[in-house]
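Written below as structure tokens is the structure these notes are about.
The values are calculated or read from the model by the stated rules, or taken from the named source; none is laboratory data. No experiment lies behind these values; they were computed from the predicted model shown. Cβ sites come from the backbone with ideal geometry, for glycine too, and all protein chains shown count toward neighbours.
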Amino acid sequence: MSTSHQSKSSQPKSSAPTDPYTRFVRSGPGAAIATRLGLPRPAKLPRRDDRREAVLGPVVVLGASAGADQIAAHLLDQGADVRRRFDGLRTVGSVVAVMDELANPADSAEILLPLAGAMRSLARGGRIVTISRPATGGDQSAAIEAARGGVEGFVRSLGHEVRGGATANGILVADGVALDAPSVLGALRFLLSARSAFVDGQFVTVSTAEGSLPADPARPLAGRTALVTGAARGIGAAIARTLAADGARVVLLDVTAAGTDLARLANELRGIPIQLDVTAADAPARLVEQCRAHDVVLDIVVHNAGITRDKMFANMTADRWDPVIAVNISSQIAINEALLASGEGTAPSVLGAEPRFVSLASTSGIAGNRGQTNYASSKAGVVALMPALARSLEAVGGTANAVAPGFIETEMTARIPPLQREIARRANSLQQGGLPQDVAETVAFLAGPDAGGIRGETLRVCGQNLVGK
Ligand code: NAD
């Protein structure tokens with residue numbers, strides 16, 4: 001992620017093979033060689049343009065609780081082909097295992113083992129989603145805590161086992177929140193859809209019953225205005241395009257050096273470009289000023305601007321450490337404070353009601369990464385900032401969550417030396433790099449009206465990296 005800008009679009013086509021190796025093993029002779037040598041053959045991941053149906057059917061809802069009935073009824077309402085057993089099915093599109101009433105580790109077998117016999121029938125790009133309660137650290141009996149914790153190990157292992165671009169993820173629903181709460185249903189729709197193509201082996205935690213179902217599911221962000229920092233290229237540009245496609249009006253911020261790309265994208269999306277360095281001392285005040293000048297009230301704030309200055313710590317210097325901390329985390333804190341304080345004087349706030357903050361973290365900030373002590377510190381700071389920011393937004397019904405991408409095909413990762421890049425790209429359950437669009441889809445989900453009950457979380461978009469949780 002250098003800050004130098006050539007004017008080229010870095011937006012890969014969503015359905016394009018992601019790299020030369022993948023293209024090779026998908027060709028006739030390449031496929032034969034890969035099969036003979038037992039080499040990875042990454043599946044094509046259907047994204048939103050490739051698969052229009054919201055739920056790949058038939059969808060089998062497992063579990064006998066009242067919650068399982070609610071989930072089955074919701075999916076029926078959505079027009080899905082819902083079944084409660086695998087009997088007679090040659091192909092299974094999706095599986096939802098509802099395990100909200102586990103009282104003992106032995107209880108899960110009855111719900112899950114029927115799935116074992118159906119695993120070979122799971123469609124390419126199929127989806128498995130568990131819905132359960134989170135372990136609480138001691139509020140429940142030992143048997144309940146152990147049963148709940150067990151679901152995590154199950155899903156994370158299954159994610160490593162599924163093939164053909166299928167994924168396994170879970171939803172953890174806090175005690176007291178019903179399974180038909182908007183964010184449970186929103187998370188379910190997201191995880192079952194093609195929008196979560198590169199989310200694998202992860203959990204979405206729903207902690208409150210807040211949120212609302214979108215009036216128009218095709219344009220869930222209609223009527224909302226979103227700020228995206230670092231929007232001129234890469235993941236930021238993909239976020240801007242996705243939020244705009246979902247109906248939002250977009251305000252696009254980037255450095256002056258990126259002015260040409262920024263203007264082009266703003267033109268394409270009919271957005272508002274703002275040239276600003278987020279680390280400038282007066283950046284927060286100038287952003288508020290610009291919002292007022294354009295008569296903009298922000299409902300969604302996406303902190304995406306980020307840089308790397310990698311060096312082994314033995315060779316680390318302030319000129320590599322300080323800018324990374326400044327761009328990746330300190331600027332977010334300063335801008336958030338200014339936005340939140342903007343309504344304190346006589347002028348109206350530039351933040352809308354129930355604002356959604358979404359920040360870009362990184363798997364490096366969760367698992368650590370050699371040569372990235374500075375970057376991982378900044379991104380671990382983002383992860384830790386989310387619960388604190390979410391708490392400060394509670395009073396206004398706002399939320400703060402982060403997205404932690406793994407290996408994503410951008411200009412940043414294109415600069416990694418070839419061998420190292422090839423290893424990093426394959427080191428996940430889906431055996432390929434993600435696309436900027438995959439990160440953007442998750443940002444859009446967390447910014448949506450039905451994510452109001454998801455607060456202070458970090459959701460990984462990493463194809464289930466083999467390192468870290
Ligand atoms: P990129 O370098 O392609 O784009 C970053 C954008 O941020 C650029 O347009 C840049 O001009 C802008 N920017 C940098 N400093 C800025 C500043 N001071 N003020 C305003 N704008 C500034 O990077 P990317 O790969 O698209 O990454 C986007 C975000 O995703 C970053 O936060 C990055 O850390 C995170 N991320 C990326 C990956 C990946 O694999 N690409 C993985 C994990 C996390």
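Name the residue that is nearest to R148 (Cα to Cα), counting only residues in segment 81-107 that are among the small types (G, A, S) and in contact with a strand residue (DSSP E or B) (Cβ under 6 Å, 6 or more places away or on another chain).
Among those that are among the small types (G, A, S) and in contact with a strand residue (DSSP E or B) (Cβ under 6 Å, 6 or more places away or on another chain), it is A97.
Got a number for residues in segment 119-131 being under 20 Å from the mean Cα position of the chain (by Cα) and not basic (K, R)? So that I can check it myself, show each step before the final result.
So in segment 119-131, the residues under 20 Å from the mean Cα position of the chain (by Cα) come out as 125-131.
Now narrow it down to the ones that are not basic (K, R): 125-126, 128-131.
Count: 6.
Name the residues in segment 337-366 that are within 22 Å of V439 (Cα to Cα) and either touching a strand residue (DSSP E or B) at 6+ places or on another chain (Cβ under 7 Å) or not in a helix (DSSP H, G or I) (or both), would you? Before you say what the answer is, go through the steps one by one.
Step one: of segment 337-366, the residues within 22 Å of V439 (Cα to Cα) are 355-366.
Those that are within 22 Å of V439 (Cα to Cα) and either touching a strand residue (DSSP E or B) at 6+ places or on another chain (Cβ under 7 Å) or not in a helix (DSSP H, G or I) (or both): P355, R356, F357, V358, S359, L360, A361, S362, T363, G365, I366.
Among (1) at pLDDT 95 or above; (2) more than 30 Å from F24 (Cα to Cα), which single condition is G138 missing?
(1)
Would a scan of segment 394-417 turn up a residue that is free of Cβ contacts under 8 Å to residues at least 24 places away in the same chain, within 13 Å of the ligand (Cβ to nearest atom) and outside any loop (DSSP other than H, G, I, E, B)?
There is at least one residue in segment 394-417 that is free of Cβ contacts under 8 Å to residues at least 24 places away in the same chain, within 13 Å of the ligand (Cβ to nearest atom) and outside any loop (DSSP other than H, G, I, E, B).
Determine whether segment 423-437 contains at least one residue that is farther than 20 Å from L185 by Cα, away from the ligand (no atom under 13 Å from the Cβ), touching a strand residue (DSSP E or B) at 6+ places or on another chain (Cβ under 6 Å) and in a loop (DSSP other than H, G, I, E, B).
No: segment 423-437 contains no residue that is farther than 20 Å from L185 by Cα, away from the ligand (no atom under 13 Å from the Cβ), touching a strand residue (DSSP E or B) at 6+ places or on another chain (Cβ under 6 Å) and in a loop (DSSP other than H, G, I, E, B).
Which of (1) at positive phi; (2) in the same structural domain as F190 (by TED's automatic domain parsing) does G38 not meet, given it meets every other one?
Among (1) at positive phi; (2) in the same structural domain as F190 (by TED's automatic domain parsing), the lone unmet condition for G38 is (2).
Looking only at segment 250-289, filter to residues that are among the basic types (K, R) and free of Cβ contacts under 8 Å to residues at least 40 places away in the same chain; which one of those is farthest from the ligand (Cβ to nearest atom)?
Kept after step one, since they are among the basic types (K, R), are these residues of segment 250-289: 264, 270, 286.
Adding the requirement that they be free of Cβ contacts under 8 Å to residues at least 40 places away in the same chain leaves 270, 286.
Values: R270: 20, R286: 12 Å.
For segment 250-289, the residue satisfying everything is R270.
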